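First up is the structure itself, then whatever we jot down about it.
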Amino acid sequence: MRLLTGLTLAALTASAAVTPAGARIPQGCFARDYTADHLAKTPKQHIAALRISLGPDPWGNGFISAIVTGRFSDQGRARSEGFSKHSFRQAAFCGESGGKTTCQVECDGGNFTIRSARGDSLEIETSSFTLEVPDVGDETGCGGLSDLAEAGSAKTIYRLTRAPASACPPWE
């Protein structure tokens, strides 16, 4: 993982002029738990709970990492893919490019862009961000089993608020 991470970061830096984004990214835990009422009003939404922990990359590469964890709902893409109520996770490396802060998954696993980070609020946008679903399916190499983006959507936006560090589990 460490070698692959280093190679990925080297490629990102060389090809897209990505620079570490620590100065512009609010570090800490951001979370959102969607209510049953919210999910009922948005039947395509497949995410019931989302956590994003932003901070120094645990692999020592000098970048800011995003550890993304959460739980699928029992509707939309989660139901059709067979992941209803399962947990998910993914790690990404964040950097600045063209005035935007983007967090990229290795092996072209997609990304999310930080649209807004003000005070205790974090808003991200994605059209593709692969998710690992631990202990489910046949996940090999860099493949993910699902996606943070909603099926059939050009982009998906998530709004989260700052939470205690204990709300964001570490990468295991």
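The values are calculated or read from the model by the stated rules, or taken from the named source; none is laboratory data. Just so it is clear, the model here is predicted, and its values are computed rather than measured. Note that we place each Cβ from the backbone using ideal geometry, even for glycine, and neighbour counts take in every protein chain shown.
Brief remarks on what is shown
- Filter result for ARG71 (farther than 17 Å from SER153 by Cα, assigned to a strand (DSSP E or B) and touching an Asp or Glu at 6+ places or on another chain (Cβ under 7 Å)): no
- Any hit, region 78-91, residues being assigned to a strand (DSSP E or B) and over 17 Å from the mean Cα position of the chain (by Cα): no
- Per the conditions (1) part of a strand (DSSP E or B); (2) touching a residue at least 12 places away in the same chain (Cβ under 8 Å), the sole criterion not satisfied by TRP59 is (1).
- Residue in region 100-107 that is assigned to a strand (DSSP E or B) and under 16 Å from ARG32 (Cα atoms) present: no
- Hits in region 1-53 - residues which are part of a loop (DSSP other than H, G, I, E, B) and either within 16 Å of ALA163 (Cα to Cα) or modelled with pLDDT of 80 or more (or both): ILE25, PRO26, GLN27, TYR34, THR35, THR42, PRO43, LYS44, GLN45, HIS46
- Residue ID - surrounded by the fewest Cβ atoms within 10 Å (Cβ to Cβ), chosen from residues in region 92-115 that are more than 13 Å from the chain's Cα centre (by Cα) and under 19 Å from GLU132 (Cα atoms): ASP108
- Being touching a Ser or Thr at 6+ places or on another chain (Cβ under 8 Å) and modelled with pLDDT under 90 is a property that CYS107 has.
- With respect to the stated conditions, ASP135 fails to be acidic (Asp, Glu) and touching a residue at least 40 places away in the same chain (Cβ under 8 Å).
- The condition (being closer than 12 Å to LEU131 by Cα, out of contact with any Lys or Arg (no Cβ under 7 Å at 6 or more places or on another chain), at pLDDT 90 or above and surrounded by 19 or more Cβ atoms within 10 Å (Cβ to Cβ)) is satisfied by just one residue among PHE72, PHE83: PHE83.
- Scanning region 127-154 for residues that are closer than 11 Å to GLN90 by Cβ and either of a type in the set (Ser, Thr, Tyr) or at pLDDT 90 or above (or both) gives PHE129, THR130, LEU131, SER146, ASP147, LEU148.
- Listed by first and then second residue, the pairs with beta-carbon distance under 6 Å, at least 6 apart or on different chains, first residue in region 154-172 and more than 13 Å from THR69 (Cα to Cα), second hydrophobic (A, V, I, L, M, F, W, C) and outside any strand (DSSP E or B), are THR156/ALA149.
- As a summary of the residue check, ILE124 satisfies the conditions (1) farther than 25 Å from ILE25 by Cβ; (2) of a type in the set (A, V, I, L, M); (3) not in a loop (DSSP other than H, G, I, E, B) except for the one numbered (1).
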